[in-house]
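Would you mind keeping the following structure in view while I ask a few things?
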Amino acid sequence: MIGAGAFGGWTALYLLRLGARVTLLDAWGPGNSRASSGGETRIIRGTYGPDQPYTKLAARALDLWKHHEAQWKRKFFFPIGVLWMAEGDDTYERASLPFLKDAGIPFEQLAANELARRWPQISFEKVQWGIYEPQSGYLLARAATQAVVDQFVAEGGHYRQATAGPHDCDSGRWEALPLSGGSSLEGWPLDGSSSNHSAIVADRYVFACGPWLGKLFPHTVGPHFVSTKQEIFFFGTPAGDPRYDEGIVPVWADHSDHFMYGIPGNQGRGFKIADDTRGPEFDPTSGQRLVGEDGLAEARRYLAYRFPGMKDAPLLETRVCQYENTTDYNFIIDRHPDNENVWIVGGGSGHGFKHGPALGEMVARLVQKDETAEAVYRLQRFAKNTTKS
């Protein structure tokens, strides 16, 4: 298993529970600052418009998050609610309603006057209605990612910080996966046997390498995949004013010209705000993680517009992460077309983290039983899209 982020860590854990011998590798460690699973918080919600089957996957994931919280006696999920604001008869929000109901995710459909009554500290200018998911909220990202790997090891899995490659993973069937940069697995129990401890010999290889997938598989994944720079800002709330604290303000998403979203509180880190618009291409290994003045100015403008009581709020922290986007924003879960022992799992596209445990459960079953994922996840969809264009 290559990659110990939200997809890789959970997949490794579930493969282990199905009886597989699993070796898990990650270049910089679970939840590291280069990873898409790094950072402090991620939203978990069921509103997904017509883009399915993600609502049901999120519902299953939420059940699994709660189950593992109780089992591990660790706190990852904070059910402070999620509010979606719609400026008109928005197709995305309207299309979400039947899927939320079918998945059993509690929600309320609220008119503009009810939104203003419940959250008077928010300006609902131009907002005509909203969806409120009272039992959704946010997850601790870095802490949860590290906890999954810790549990994987506790249950008998083998983890090592090591780098796979350089290797042409698109080169057809290969017998071993070399490690680079002096990485070694000397003395390690591996599936298969090899006298070369700077390589892995296994029955199956699962690559869940987030924004690096396009480079590892330049022909299979690369043309349908891009890593983008995303800027996040944390602002200080007014002293002694609880109106903007978590639990008073829910997680929110504003699906207007810019798809803005945020999380209040953040375990004391400040009022988180970000623009979901895809940024410029970004190298997750060597990119400089500095926010730009334009992004900061837009965040300040929006904050003053939608949360007027926080106009001129001080900037506490910034963060640059990346999305690993597929061209249709759907996940990739499939075998390599020229090597049936290689699985590719990724393309979180900014919405993957929440699904981690449900996706890991699903991928482990597919890999272990040699089954095939739903068509929406398979690589063949890109060939069809290319033919149509």
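The values are calculated or read from the model by the stated rules, or taken from the named source; none is laboratory data. What you see is a predicted model; the values in this text were computed from it and never measured. Every residue, glycine among them, receives a Cβ derived from its backbone with ideal geometry; neighbour counts consider all protein chains shown. Accessible surface areas use protein heavy atoms only, side chains included; no ligands, DNA or RNA. Shrake-Rupley method; radii C 1.70, N 1.55, O 1.52, S 1.80 Å.
Which of (1) open to solvent by less than 20 Å² (accessible area, probe 1.4 Å); (2) within 24 Å of Leu62 (Cα to Cα) is the odd one out, the single condition Trp343 does not satisfy?
(2)
Ok, one more. For region 85-94, check the following and say yes or no: at least one residue is under 20 Å from Gly352 (Cα atoms) and out of contact with any His (no Cβ under 7 Å at 6 or more places or on another chain).
Checking region 85-94: not a single residue is under 20 Å from Gly352 (Cα atoms) and out of contact with any His (no Cβ under 7 Å at 6 or more places or on another chain).
Now for a separate question. Could you go through region 128-149 and let me know if any residue there is in a helix (DSSP H, G or I), closer than 30 Å to Arg21 by Cα and open to solvent by 70 Å² or more (accessible area, probe 1.4 Å).
yes
For the structure I just gave you, tell me whether Leu57 is over 17 Å from the mean Cα position of the chain (by Cα), surrounded by 19 or more Cβ atoms within 10 Å (Cβ to Cβ) and at pLDDT 95 or above.
When the stated conditions are applied, Leu57 does not pass them.
Tell me which of these Ile273 doesn't satisfy, since it passes every other one: (1) surrounded by 16 or more Cβ atoms within 10 Å (Cβ to Cβ); (2) farther than 16 Å from Gln121 by Cβ.
Ile273 satisfies all of (1) surrounded by 16 or more Cβ atoms within 10 Å (Cβ to Cβ); (2) farther than 16 Å from Gln121 by Cβ except (2).
Identify all residues within region 227-248 that are touching a helix residue (DSSP H, G or I) at 6+ places or on another chain (Cβ under 7 Å) and aliphatic (A, V, I, L, M); write none if there are none.
If the condition is that a residue be touching a helix residue (DSSP H, G or I) at 6+ places or on another chain (Cβ under 7 Å) and aliphatic (A, V, I, L, M), then Ile248 is the only one that fits.
I would also like to ask the following. Before we move on, is Gly287 modelled with pLDDT of 95 or more and either assigned to a loop (DSSP other than H, G, I, E, B) or open to solvent by 60 Å² or more (accessible area, probe 1.4 Å) (or both)?
It is true that Gly287 is modelled with pLDDT of 95 or more and either assigned to a loop (DSSP other than H, G, I, E, B) or open to solvent by 60 Å² or more (accessible area, probe 1.4 Å) (or both).
Right, here's the next one. Determine whether Phe152 is open to solvent by 70 Å² or more (accessible area, probe 1.4 Å) and aromatic (Phe, Trp, Tyr).
no
Considering region 64-79 alone, what residues qualify as being open to solvent by 40 Å² or more (accessible area, probe 1.4 Å) and either among the aromatic types (Phe, Trp, Tyr) or touching a residue at least 24 places away in the same chain (Cβ under 8 Å) (or both)?
Hits for region 64-79 are Arg74, Lys75, Pro79.
Here's something else I'd like to know. So which of Asp312, Asp294 is closer than 21 Å to Val249 by Cβ, free of Cβ contacts under 8 Å to residues at least 40 places away in the same chain and either open to solvent by less than 30 Å² (accessible area, probe 1.4 Å) or not hydrophobic (A, V, I, L, M, F, W, C) (or both)?
Answer to the selection: Asp312.
Here is a yes/no grid of residues against (1) closer than 24 Å to Val376 by Cα; (2) open to solvent by 30 Å² or more (accessible area, probe 1.4 Å); (3) not in a helix (DSSP H, G or I):
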position: Ala35; (1), (2), (3): no, no, yes
position: Gln52; (1), (2), (3): yes, yes, yes
position: Glu93; (1), (2), (3): yes, no, no
position: Gln109; (1), (2), (3): no, yes, yes
position: Pro120; (1), (2), (3): no, yes, yes
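Would you point out the residue of region 37-50, among those that are in contact with a strand residue (DSSP E or B) (Cβ under 7 Å, 6 or more places away or on another chain) and part of a loop (DSSP other than H, G, I, E, B), that is most open to solvent (accessible area, probe 1.4 Å)?
Filtering region 37-50 for residues that are in contact with a strand residue (DSSP E or B) (Cβ under 7 Å, 6 or more places away or on another chain) and part of a loop (DSSP other than H, G, I, E, B), the one most open to solvent (accessible area, probe 1.4 Å) comes out as Glu40.
For region 297-308, which positions are touching an Asp or Glu at 6+ places or on another chain (Cβ under 7 Å) and open to solvent by 30 Å² or more (accessible area, probe 1.4 Å)?
Glu298
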